[in-house]
Amino acid sequence: MKNSEIGTAHIAGYAYEGKLNGTRVIFNALCKFLGEEKNWNPILPSIENPVQTLPSMDSFENNLYHLFKSIYNIDEDDSRLRKILKMDNINSANHFDKLRKEYKVRREFSNYTVLLTQKEVELKRILENFRFEVKLI
């Protein structure tokens, strides 16, 4: 971690939708086992600021960083994780476990639409690869 610029304790599936999908798989398997109808249809909470624009920074890397940060503040994750560097092995293991168990709710990028201008069109494919919906304006 000392050699990394950013570190987090989260893993794939820790977004709200990932946890929900994992729960759905377990629920469906239990219903099948019990011979019960699969009737669970959770309602997802609404997204704050689902439409995003780029902040017009000096580089596309900074644009992406600020876009991602407006949705998910990775610097907060990094700060919480780096506290481990000042702990002994037992306390660091407990801290890491707590970070994972109390992970802040985060939503998948597929919930967001990014509006791009023609001069930002080179970012379209990159953003789509992160599963954003992209619209040119």
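Bear in mind that the values in this text are calculations on the coordinates, not laboratory data. Computed from a predicted model, the values in this text were never measured in an experiment. Every residue, glycine as well, gets a Cβ built from its backbone with ideal geometry; the counts of neighbours run over all protein chains shown.
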Just want the ordering: T23, T113, from fewest to most Cβ atoms lying within 10 Å of their own Cβ.
T23, T113
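By average Cβ neighbour count within 10 Å, what is the ranking of 85-95, 119-129 from highest down? Mind dumping the intermediate values first?
Working: 85-95: 11.3, 119-129: 13.3.
Result, highest mean Cβ count within 10 Å first: 119-129, 85-95.
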Filtering trypsin sites (Lys or Arg not before Pro) in segment 16-67 by DSSP loop and by at most 12 other Cβ atoms within 10 Å leaves K38
Loop-only GluC sites (Glu not before Pro) in segment 26-111, please: DSSP not H, G, I, E or B, and at most 14 other Cβ atoms within 10 Å.
E36, E37, E48, E102
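Between K98 and Q118, what is the FRET efficiency for a Förster distance of 41 Å, r being their Cβ-Cβ separation, to the nearest 0.05?
With R0 = 41 Å, the Cβ-Cβ based efficiency is 0.30.
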Taking a 19 Å limit on the Cα-Cα distance, which of the listed pairs K19/K98; K104/K124; K104/K135; K69/K101 fall beyond it?
K104/K124; K104/K135; K69/K101
What is the set of long-range amide H partners of V134 at a cut-off below 5 Å, with H atoms built 1.01 Å from backbone N?
V114
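When the helices in the chain are scored as -39500 (n - 2.57) per DSSP H run of 4 or longer and the sum is shared across all residues, what 222 nm value do you end up with, to the nearest 500 deg cm²/dmol?
Calculated at 222 nm, the ellipticity per residue is -13500 deg cm²/dmol.
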What net charge is computed for the residues neighbouring V25, neighbours being all others with C-beta under 12 Å from the C-beta of V25, Lys and Arg scored +1, Asp and Glu -1?
+4
Need the C-alpha centroid separation for segment 89-137 versus segment 50-72, integer Å.
11
